[in-house]
Amino acid sequence: MGPINPSNTIVSPTSGWRRLKSCRDQSTLHRVLDGATDDRKLRNETLSCKETLRNCAIMETEEEASGQMTDEIYANGGDGEALSQQQQQQQQQQRRPIISGEQLDIEAYAALYTDRTKISRLIFIADKCDNVSMQLEALRMAYDEIKKGENTQLFREVVQKIDGRLGPNYGPDSGWMDAVDRRAEQRKEKLENELNAYRTNLIKESIRMGYNDFGEFYYTHGALGDAFKNYVRTRDYCTTAKHIIHMCLNAILVSIEMGQFAHVTSYVSKAEQNKNDLDPITIAKLQCAAGLAHLEAKKYKHAARKFLETAPELGNNYSEVIAAQDVATYGGLCALASFDRAELKAKVIDNINFRNFLELVPEVRELIHDFYSSHYASCLDYLGNLKANLLLDIHLHDHVEMLYTQIRNKALIQYTHPFVSVDLNMMANAFKTTVAGLQKELEALITDNQIQARIDSHNKILYARHADQRKATFQRVLQTGVEFDRDVRAMLLRANLIKHDYNLKASRKI
Amino acid sequence: MNLNVNSVDSLVAEIQGLSGSSQDVNHLNSLLKQSEDVIRSQAATFASCLTRLDPSLHSLGYLYVLEACTAGPIPEAQANELVLSVVRFIDMCSVEQIRLVPDKFISVCKRLHEQVMVLGAPMRAVAPLLTAIRKIQLSSEHLTPLHPDFLQVCLSAKCYKIGYSILEDDVLEVDQPRDFFLYCYYGGMICIGQKRLAKALELFHNVVTAPMSSMNAIAVEAYKKYILVSLIHLRQFSASFPKYTSSVAQRNLKNFSQPYIELANSYSTGNISELEAFVQANQEKFENGNNLGLVKQVVSSMYKRNIQRLTQTYLTLSLQDIANTAQINTPKEAEMHVLEMIEDGEIYATINQKDGMVRFLEDPEQYKTCEMIEHIDSSIQRIMKLSKKLTTMDESMSCDPLYLSKVGRERQRYDFDDFDSVPQKFNL
């Protein structure tokens, strides 16, 4: 990372290209791209824009970019035509509001997950992403993945989304669908027969297994509601704590897929009642699920606690729901948004367990450390770079804006906290924003009473406001006196009015 | 012995004869009471005896005759004359004598009120009614039935200042709830005229929270004004009632003052154009309620509210920025608003006209001047007095047979230990 060394850029056309990919200087880019077909020309061009390049700070690991680059070329056939497509794509990328050139590596991302969540995540990316090649890439992988399973409903959806854009290999494979559907029919019949047999024999364990099989059957075929019902039905036939935990995990899995996070919370707590039979991996799974439920309910502090408590045993064991990387990202961001400094230090930075997770996502680790050591600009930079990818996350995308605002407000508050006066120009620099914009943000925070300060908008200085205790006490005492006076008089009056009413009634009686 | 009311002469003679010692006056009072009907039936004949009686010496007799004369319908031609004689009587009558028959005195005063309104000269009744109140009042805490009349006359005559003088007394003793409601309502309006919004708010609040068993129009109107004054003065309005408010009021008041509640809601958003649009749309309703003036004040107080919020946030701010944030059209207007607020002591600030900057300052009061100490001391004294009164009242109430019988009756309902000191049933 850091400023690029210009002499390195002229190794090969592709590598030069790759390095320039994230360069923000559009003119340089275009010049280089135009000449990319000719090695020599490129060399000259690249040399001529040495100066520009030197100024380009590219926060990008070369390996990732190169991997992606080859992927893209490969996907497009790698011929001359590919380049012009690349060019278009490049321009599209430029138009996107994200500064980072570090695009989501879909293949690496998808490799973290298995089963249905992999497919849903890929489809989610395809829906949210406005980059056509990424969309198609995601859809292609989703298509391949579904083909391995038996979910024809999802298959139809994906095929519709692909809409023939990936060539004849990715069309509606009706032969496969029919075969799968037929097999499913048969299997369902078989399962029904089995279950009926079990039920007539009243063998508890077998009935449980029967319902379980049904749950699994529906799950693989995408009927989540039915799957959930069947999994929950096993509950009556559970004989050991292990069975109950198993049932809960299944119910949680399906609920997460369905987005029913209220169920998740209740089944997590149900599973946690059987403390003695929980192994560390299951505990970690349950914590992740609870964390997700809290996240979805916007209880970021609780979510952060759950993710931070997750044991490293989780590893890749819960890839059907969440990857270890996600634990780090979700936990880190929620913690930043909701913890104070002391808690951040104690529960995040000094947390050995969580450190293992953070190592997986160095950006998050760096930004947490930057936040704690008050390098807000760099922290916000990291956040800005991550944003595009986080918005493509199936669980986090809804909360990114809110978490970001909270983190930013926290940073602003922390920045002003130790000072008696702050120069707004310097502060704006530190936060990479304009003075006017900063002033608006500060104004909102002061009005909210989150910062005790006042802005000298003439000289652009923020002055901390120290409450004058003596004055405030006097004011409060006098105010209380006036209120007491008024209230007591009003009360006496009311009492007299009530008494009068009594007198009237009494006189009438007489 | 019966009073000789056969002729004007004999009546005058009797009254003159029995107006000396207090014993005689009491005797005269009982005699006059017996022949009240006769006097009233022949009011026209007896009217002439008024000229022969001295209102300061023979107040009681004079009052009886005067009351009889004013009881019937009065032709317009005589109104002026009548007003003059009543005013003269009020001015000169002896306090001891008229207090024997307060209801007669009050009815005479009420007639005076009516007549000046007929004559279209409410100003003429202001001073006499004030004198009348002072004469008939047992103490300054006592609310007489004349209070509302006096305040109404003051309002009609726009004599807010003299009206306000009577509002400074704390009223505690109330004879008629209706008098109290009217007193507070008119009093609140006079306070608005005098720009004593805090006091106005207190009076309206008293009406709204007063115990009542059925809705009344006075309370509804008072509630409307309470909302408006609360917005103008406190720049906010809380729609919840205090818990001691009667349930009738809690249930119904809001339904009767819907546009006002909506106005308060619109105010709380802080958006001026929205508020103005709302006022525009409901102008007719506010006009019908005679509250349009106050509603306009509410709108202008919105600017002040917005400016006041800025003082919490900024030390210095250009007039242009103030205009932008407080949604004022031009910096010039913003300057006017700021200036007004500084003059009213609502904010502490200096305006630098050269570069168009406003510097907001902290409250300069240091709470160490002699005046402040005196002020605090007087506040403490006042509150001590008040709490003494509270104790006395508490004591007297715990000795009140009516109260005890009520508590005793409800004893079965709550069987608390606290009630053990109270007898099971207080037989009277």
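One table, with the values for the structure above:
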{"quantity": "Peptides ranked, highest mean first, by Cβ atoms within 10 Å: ranges A:306-315, B:229-238", "calculated": "A:306-315, B:229-238"}
{"quantity": "Nearby aspartates and glutamates by direct alpha-carbon distance to A:Lys301 (threshold 13 angstrom, same-chain neighbours under 8 apart not counted)", "calculated": "A:Glu309, A:Asp340, A:Glu343"}
{"quantity": "Scattering profile of the range B:96-219 at q = 0.12 Å⁻¹ [log10 I(q)/I(0), Debye over alpha-carbon scatterers]", "calculated": "-0.42"}
{"quantity": "Hits among lysines - C-alpha to C-alpha of A:Lys440 under 22 Å, sequence gap 8 or more where chains match", "calculated": "A:Lys410, A:Lys432, A:Lys460, B:Lys304"}
{"quantity": "Straight-distance crosslink candidates among aspartates and glutamates, where the alpha carbon sits under 18 Å from B:Lys224 and sequence neighbours closer than 8 are dropped", "calculated": "B:Glu202, B:Glu262, B:Glu284, B:Glu287"}
{"quantity": "Distance between modelled label sites at B:Ala277 and B:Glu346, nm, 7 Å Cα→Cβ extension", "calculated": "2.5 nm"}
{"quantity": "Measure of compaction for the range A:271-349 (Cα Rg per 2.2 N^0.38 Å)", "calculated": "1.06"}
{"quantity": "Per-pair calculated FRET efficiency, R0 = 51 Å: A:Gln414 and A:Glu483 via Cβ, rounded to 0.05", "calculated": "0.85"}
{"quantity": "Most mobile of B:Asn29, B:Asn265, B:Asn352 in a GNM of chain B (Cα contacts under 10 Å)", "calculated": "B:Asn352"}
{"quantity": "Convex hull per residue volume in Å³, alpha carbons only, for the range A:406-468", "calculated": "80 Å³"}
{"quantity": "Average beta-carbon neighbours from other chains, 10 Å sphere, peptide A:483-495", "calculated": "6"}
{"quantity": "Mean residue ellipticity (222 nm) of chain B, computed from DSSP H runs ≥ 4 via -39,500 (n - 2.57), nearest 500", "calculated": "-21000 deg cm²/dmol"}
{"quantity": "Over 22 Å between alpha carbons, listed pairs A:Lys190/A:Lys229; A:Lys499/B:Lys195; A:Lys299/A:Lys347", "calculated": "A:Lys499/B:Lys195"}
{"quantity": "Rotationally averaged projected area of the range B:199-300 (alpha carbon convex hull; nm²)", "calculated": "6.0 nm²"}
{"quantity": "Average beta-carbon neighbours from other chains, 10 Å sphere, peptide B:310-321", "calculated": "5"}
{"quantity": "Simple spin-label estimate for B:Ser140 and A:His397 in nanometres, 7 Å along Cα-Cβ", "calculated": "7.5 nm"}
{"quantity": "Cα principal axis extents for the range A:136-272, largest first, Å", "calculated": "52, 34, 17"}
{"quantity": "Per-residue average of Cβ from other chains inside 10 Å of A:452-463", "calculated": "5"}
{"quantity": "Principal-axis tilt of helix B:258-268 within chain B, Cα atoms, nearest 10 degrees", "calculated": "40 degrees"}
{"quantity": "Rounded Å value of the spacing that divides the Cα centres of the range A:156-171 and the range A:224-302", "calculated": "35 Å"}
{"quantity": "A:Thr114, A:Thr416 arranged by Cβ crowding within 10 Å, fewest neighbours leading", "calculated": "A:Thr114, A:Thr416"}
{"quantity": "Within a Gaussian network of chain B (alpha carbon springs, distance under 10 Å), most fluctuating of B:Gln16, B:Gln176, B:Gln366", "calculated": "B:Gln366"}
{"quantity": "Candidates B:Leu361, B:Leu203, B:Leu228, ranked by Gaussian network fluctuation over chain B, Cα under 10 Å, top entry", "calculated": "B:Leu361"}
{"quantity": "Principal axis box of chain B, alpha-carbon based, largest edge first, Å", "calculated": "90, 66, 50"}
{"quantity": "Calculated FRET efficiency for the pair B:Lys368/A:Ser421, C-beta based, R₀ 30 Å, to 0.05", "calculated": "0.65"}
{"quantity": "Relative exposure of B:Glu36, B:Glu284, judged by other C-beta atoms within 10 Å (fewest first)", "calculated": "B:Glu284, B:Glu36"}
{"quantity": "In nm, spacing of pseudo-spin labels at B:Lys254 and A:Arg156 (7 Å Cα→C-beta vector)", "calculated": "5.1 nm"}
{"quantity": "Where a label projected 7 Å from the Cα of B:Thr392 along Cα→Cβ would reach, residues of the range B:125-165 with amide N under 16 Å", "calculated": "B:138-143"}
{"quantity": "Principal semi-axes in Å for the range A:100-180 [√(5λ), Cα gyration tensor, largest first]", "calculated": "22, 14, 9"}
{"quantity": "Length-normalised contact order of the range A:301-412 in % [C-alpha pairs under 8 Å, at least 6 apart]", "calculated": "26 percent"}
{"quantity": "Helix B:247-256 axis, angle to chain B major axis (alpha carbon atoms, nearest 10°)", "calculated": "60 degrees"}
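A short reminder: the numbers here are calculations on the coordinates, not readings from a lab. As the structure is a computational prediction, the values presented were derived from the model and not from experiment. We place every Cβ from the backbone using ideal geometry, glycine too, and count neighbours over all the protein chains shown.
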